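Here is the structure we will look at.
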Amino acid sequence: MDAKKAVDALSAPPRPTATHHNPAGTTSDLSVDEVLLLHSIGWEPADMVFGVAWWSVPWGSWQWRTGEIVEASNAFAGAMEEAAGQLRAECARAGGSGVVGVKVDLRVRAQHIDVSLTGTAIRRTGKKPTGFEFISDLSARDFAVLTRSGWTPLGLATGASFVIAPRRTAKQWAAQQGQNVELPHLTEALYQAREGAMARMQQAGISMHAQGIVDVKMDEGPMGAGGRVMQFVAVGTAVKLAASEHQMIRPEMVVTLNDPVVLFEAASVRGG
Amino acid sequence: MTSSAKPSSESPSGESPSGESPSGGKPSSAEERDRTPIDEGLPPDAGRRLAELEDRPGHKGMFTSDLSVNEFLLIKEAGFHPLGFVMGSSIYHIGIQTRRWSQSQELAKLTEAMYNARELAMNRMDAEATELGADGVVGVRLDVNYYEWGSDTAEFIALGTAVKAEDNNSYRNKEGKPFTSDLSGQDFWTLMQTGHVPLGLVMGTCVYHIAHRGLGQTLRTTGQNVELPNFTQALYEARELAMTRMQDEANQLGASGIVGVRLEEKSHMWGDHTIEFLSLGTAVADASDGQHTIPQPRTIISLDG
């Protein structure tokens, strides 16, 4: 019984700001200009929202094998989905229709993968709640510019893959010493991780009927185990053209006449 | 995303993951560096994801891009559409070359390693862009990363966003390959406003060993205000070699200039006296025969800060 209560509390943590709807007071980490920009396209901040999920990776997943660690890749996908679900639930409770400026914190450890998402829920001004629309890691400023040019964010598209490269045989190792050669076992593992992660991110975009994924950020490279485990994580925002056609923004060239501020440090002259 | 009617001469020969043009890698500069052929080493997984990005009957493609929203909109403004986030990488074992303590010299084997590994990465990125039917790759970044593999193994990676012109003109360079450019979306838009087109990312590198000074020299200069000519000379020579090689690559592309040149000096893992001089820039050509007028920028004074 207690366990059930604890689980319920986890899935719906009490939020003082979210329980009562207070249109005058909103919490957000947006800057003043971002709030102004949001207002210029008919949106306003509602509340800050969070989502956290920890998924375990079974013992021994990383040992005695080569190829993709499916357990880890699944744990990432599961944690990401759960955290996004919480963000969405919090957003709905705060009366928001979308979440912008989502910061994605990811930690990959041998026994678990945790994801934490932090963002600002926003809603359309002067309207009844219009239902949940999107989660995006674009800033409020980017969201405003994107909206003006006719595009709309659809959601976070993510993908990850973890691949263990095979060991080299002693003969291969010996043949490579002192030479200029590519190391195919590592390169191929990296490619496998990359293709896997990017394909999953693309699948996420396709399932949202996106026309593209912008601002893709990726993290790649070896992690532990003597550099034989390759990770590749990609996160971006899926977007779609909402207007009938792309609106040109017609930028104007300006030259600022401000001089760059040169700070003079006395210490550098004294040699200190 | 209309990828129909491409004017390029790309052979439609099936699904080969390496969309490498038959001419192979970039023609090398004047030096007789032996390059390993690129086609063979392409990992089997390379480019698997790209098929999903393309429009097919019954399948709606989409684009991926690491461009920021600003850059994305500026690329659109310049008349291009992003096709895909393309990458190439190679994990490379760098050989050993003995250096003479008191001699300033280029370390040809290390120079070759830096060229080879970067070209592997660049050509694989090019191959992905070619497969997408791109006209070019913008926002290219070229990085060397060292991890826990030891000091002689590094990851070379090239990343960028493949783009295609929306007016269906081909912007490929005279080698028939997509242009590459390390210009940001903002710089790319500005460059196009001036009537120039990018032709390719050009680079020159030189790994140079700078001689240590002998005891006599050290004693003579102690306490004096003097230039150390052997150091100065070595740095000059290495820099000249790198810059010349970059210019050679630009000449081969028929460029009228190189913009955004950066000169990086890095010791990587080789210790104090061995330095890689790397110069990188985007070769450009004037596509408007000098007819283009550049809009006069408005001058402003910003009141913030």
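Global size of the stretch B:44-140: 19.0, 68 Å for Rg and Dmax (C-alpha atoms, Rg to one decimal, Dmax whole). In terms of its C-alpha gyration tensor, the stretch A:113-272 has an oblate overall shape, because the principal axis ratio a/c (a ≥ b ≥ c, square roots of the eigenvalues) is not below 1.5 and a/b does not outweigh b/c.
Of the residues B:144, B:207, B:92, the one whose Cα sits farthest toward the positive end of the charge dipole of the stretch B:50-285, with +1 on the Cβ of Lys and Arg and -1 on the Cβ of Asp and Glu, is B:207.
Counted residue by residue at 0.36 nm each, then reduced by the alpha carbon distance between them, the extension gain from residue B:109 to residue B:256 reaches 49.8 nm.
Just to be sure I follow: if Rg is taken over the C-alpha atoms of the stretch B:50-285 and Rh is the Kirkwood radius over the same atoms, what is Rg/Rh? Taking Rg over the Kirkwood Rh, I get 1.07. Considering only A:70, A:221, A:238, whose Cα is most displaced toward the positive end of the charge dipole of chain A, charges sitting on Cβ of Lys, Arg (+1) and Asp, Glu (-1)? Farthest towards the positive end: A:70. Is the shape of the stretch A:114-186 best called rounded, prolate or oblate, per the rule: a/c under 1.5 gives rounded, else a/b larger than b/c gives prolate, else oblate, with a ≥ b ≥ c the square roots of the Cα gyration tensor eigenvalues? It comes out prolate by the Cα gyration axes.
Compared with the rule-of-thumb size 2.2 N^0.38 Å for a compact globular protein, the protein assembly as shown has a Cα radius of gyration ratio of 1.08. Summary: within chain A, the longest segment free of chymotrypsin sites (Phe, Trp or Tyr not before Pro) located in DSSP loops with at most 10 other C-beta atoms within 10 Å is A:65-263. Take the Cβ atoms of residue B:226 and residue B:98, set R0 to 35 Å, and the FRET efficiency comes out at 0.70.
Set the Förster distance to 35 Å, then compute FRET efficiency between residue B:301 and residue A:247 from the Cβ-Cβ distance, nearest 0.05. If you can, show how the numbers build up before the last one.
On the way: r = 29 Å, r/R0 = 0.84.
The value I calculate is 0.75.
Its Cα centre serving as origin, the stretch B:50-285 has a Cβ charge dipole (Lys and Arg +1, Asp and Glu -1) of approximately 560 debye. Using the beta-carbon distance between residue A:219 and residue B:51 and R0 = 30 Å, what value does 1/(1 + (r/R0)^6) give for FRET efficiency, to the nearest 0.05? The pair residue A:219/residue B:51 has a calculated efficiency of 0.80. Spin-label pair residue A:170-residue A:54: with each label point 7 Å from Cα along the Cα-Cβ axis, the two points sit 4.4 nm from one another.
For chain A, adding -39500 (n - 2.57) for each run of n ≥ 4 DSSP H residues and dividing by the number of residues yields -10500 deg cm²/dmol at 222 nm. Pick out, in residue order, every one of the GluC sites (Glu not before Pro) in the stretch A:149-251 that is DSSP loop and has at most 13 other C-beta atoms within 10 Å; say none if there are none. Those satisfying the criteria are A:245.
As an exercise, identify the trypsin sites (Lys or Arg not before Pro) in the stretch B:42-149 lying in DSSP coil whose Cβ has no more than 10 other Cβ atoms within 10 Å.
Numbers: sites: B:48, B:49, B:60, B:76, B:99, B:100, B:109, B:118, B:124, B:141; in loops: B:48, B:49, B:60, B:99, B:100.
Here the sparse-neighbourhood loop sites are B:100.
Label point of residue B:286 set 7 angstrom out along Cα-Cβ; within the stretch B:222-264, amide nitrogens under 20 Å from it belong to B:250-261.
Counting other Cβ atoms within 10 Å, keep those with at most 11, restrict to DSSP loop, and tell me which trypsin sites (Lys or Arg not before Pro) in the stretch A:126-211 are left. Counting only loop positions with at most 11 other Cβ atoms within 10 Å, the trypsin sites (Lys or Arg not before Pro) in the stretch A:126-211 are A:127.
Taking the DSSP beta bridges with both ends in the stretch B:50-285, the antiparallel portion is around 95 percent. Across every direction, the projection of the convex hull enclosing the Cα atoms of chain A has a mean area of 24.4 nm².
Read the figures in this text as sums done on the coordinates, not as results from a lab. Predicted, not measured: the structure shown is a model, and the values here were computed from it. A quick note on method: Cβ atoms are made from the backbone with ideal geometry, for glycine too, and the neighbour counts reach across all protein chains shown.
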